[in-house]
Amino acid sequence: LLMWNPFIIQNTLVEAHNDVFVLLSIVVSLLFFLKGKYLESALWLVTGGLVKYVSIFLLPIPLWYLVRTSAKPLVKVSLFIGWAAVITLITYSPFLSGNFIKSFNGINYELFANRTFATAMPGAFVGNFLFGLSWGSLRLIGLILGFITELYFLKRKEILKAYTFPFL
């Protein structure tokens, strides 16, 4: 049923949005997590984070369980860091030639200069209008609240909610 959803077809086949790859990495990460494969779950989130940084915010969930359930947590975390570095280097190797710093201009623009989200999100517009908060401050507040929400559901062992509620 999901496969024939016109919105999914439009965004994946017609417009080729990369959000679909991020969603795929989050769903695959959740599937690995539910099978108890926390290292693989975390690596899929890293892979999605290389497309858009939003899935990186979910990394504490599988890493928390990786450390808590492993007999040798330091070895597992070292293995995760090693594989994450390999995946990142392989993925970004085509961009390492030329001016490497210019690759991060887009991140700076999205965090501090892009104001288009304010018209699409009424809460951000009201926060800016009523309290005089800058766009960067509003994003930071949203990030902190999302992380608190994730930790709350992680502590309650409600993993599906920890994966989804921070994005609401």
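What follows draws every value from the coordinates through simple rules; no lab data is involved. Note that the structure is predicted; figures quoted are calculated from it, not measured.
Under a straight-distance cross-link criterion of Cα-Cα below 18 Å, which lysines are reachable from residue 35, leaving out those fewer than 8 residues away in the same chain?
Counting by Cα, and skipping residues close in sequence, residue 35 has these lysines nearby: 76, 157, 161.
Read phi for every residue in region 128-145 and hand back ³J(HN,Hα) as whole Hz from Karplus 6.51 cos²θ - 1.76 cosθ + 1.60, θ = phi - 60°, with x for Gly and Pro.
Using θ = phi - 60°, the values come out as 6, 6, 7, 10, x, 6, 6, 5, x, 5, 5, 5, 5, 4, x, 5, 5, 5 Hz.
Which whole-Hz ³J(HN,Hα) couplings does region 24-32 yield from phi under the Karplus relation 6.51 cos²θ - 1.76 cosθ + 1.60, θ = phi - 60°, glycine and proline marked x?
My calculation for region 24-32 gives 4, 5, 5, 5, 5, 4, 5, 5, 5 Hz in order.
Which length gain, in nm to one decimal place, applies between residue 31 and residue 68 when the Cα-Cα distance is subtracted from 0.36 nm times their residue separation?
11.4 nm
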